[in-house]
Amino acid sequence: MSGHVFHSGHQELHGITVVLDLEAGGICIGRFDREDESGVHLLNVSRHTAGVDDPSPEAFIRHTARFGVRADEKAVVLPPASVLRIRRLSEFDSAVP
Amino acid sequence: MPYDPRLVQPMRDEMVRMGAQELKTVPEVDLALGDQKGTTLVFVNSVCGCAAGNARPSLALALAHQVRPQHVVTVFAGQDLEATSRARQYFSGYQPSSPSMALFRDGEVVHMIHRHQIEGRPPQAIATELAAAFDRYCATSSV
């Protein structure tokens, strides 16, 4: 994944708002801080649990892309094995329909 | 806790140089954003180097566009806390982020650029998006 590193010594995604697809089926959206042996560290995180939360995961991501991240949790660490995929929130269309 | 004012002063100065009016108090925000007519761009400034370092230059580039908002104002997140909180009350329905930019027309948010739409993007790309929004929403009210 390409991108700018604005703080020397930090990882490429540091400071970038990302969408994490979780192995258990949920989604976390938050600002990437770092990744280490304990997992992916996110700040100001919004979560969606598939099959529990409405709307659908896709609609949740689109809504967040348009209206911003509702920071329900200040900081979250997601174990490496629980994270299937990391994408930038900016990849998702936030255009007004 | 706000940063040392001396540290953020250059970031304030950068906004003023491009013609933005700083709003540091709640009454100043209400005066600028209450009962609006025409077009106003609100820039939520930030010390964050990940995004604000590109956001400010992008607005400077966009303001060189022929069509631009009638008013450009700025609040400083993490610094002028009450003013920023008040300004965000006018962005009904949008989650707070900084830096961010909200374009108003007659008191309604017609275009929003969140922090996640600024991160990692070059200033020219953000400026192009802003200029397109200016063309769409400010064309009949440009100064």
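Here is how the numbers come out for the structure above:
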| read-out | value |
| --- | --- |
| Set B:MET11, B:MET1: member being of a type in the set (A, V, I, L, M) and either assigned to a loop (DSSP other than H, G, I, E, B) or on the phi > 0 side of the Ramachandran plot (or both) | B:MET1 |
| Matching residues, region B:46-66, being more than 14 Å from every other protein chain (Cβ to nearest Cβ) and in a helix (DSSP H, G or I) | B:LEU59, B:ALA60, B:LEU61, B:ALA62 |
| Enumeration of residues in region B:30-45 that are in contact (Cβ under 8 Å) with a residue 60 or more places away in the chain, outside any strand (DSSP E or B) and under 22 Å from B:ALA133 (Cβ atoms) | B:LEU33, B:GLN36, B:LYS37, B:GLY38 |
| Every residue from region A:31-47 that is farther than 21 Å from B:GLN117 by Cα and buried (at least 16 other Cβ atoms within 10 Å of the Cβ) | A:GLU35, A:GLY39, A:VAL40 |
| Condition met for B:SER92 (small (Gly, Ala, Ser) and in a loop (DSSP other than H, G, I, E, B)) | yes |
| Residue count for region B:101-138, restricted to those that are among the acidic types (Asp, Glu), over 16 Å from B:PRO57 (Cβ atoms) and either assigned to a strand (DSSP E or B) or free of Cβ contacts under 8 Å to residues at least 40 places away in the same chain (or both) | 1 |
| Options A:PRO79, A:PRO57: the member that is touching a residue at least 40 places away in the same chain (Cβ under 8 Å) and either more than 14 Å from chain B (Cβ to nearest Cβ) or closer than 15 Å to A:LEU22 by Cβ (or both) | A:PRO79 |
| Filter result (part of a helix (DSSP H, G or I), within 17 Å of B:MET1 (Cβ to Cβ) and of a type in the set (A, V, I, L, M, F, W, C)) within region B:74-89 | B:LEU81, B:ALA83 |
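Since every read-out is calculated from the coordinates, none of them should be taken as a lab result. Bear in mind the structure is a predicted one, so any value in this text is a computation, not a measurement. Positions of Cβ are generated from backbone atoms using ideal geometry, with glycine treated the same way; all protein chains shown enter the neighbour counts.
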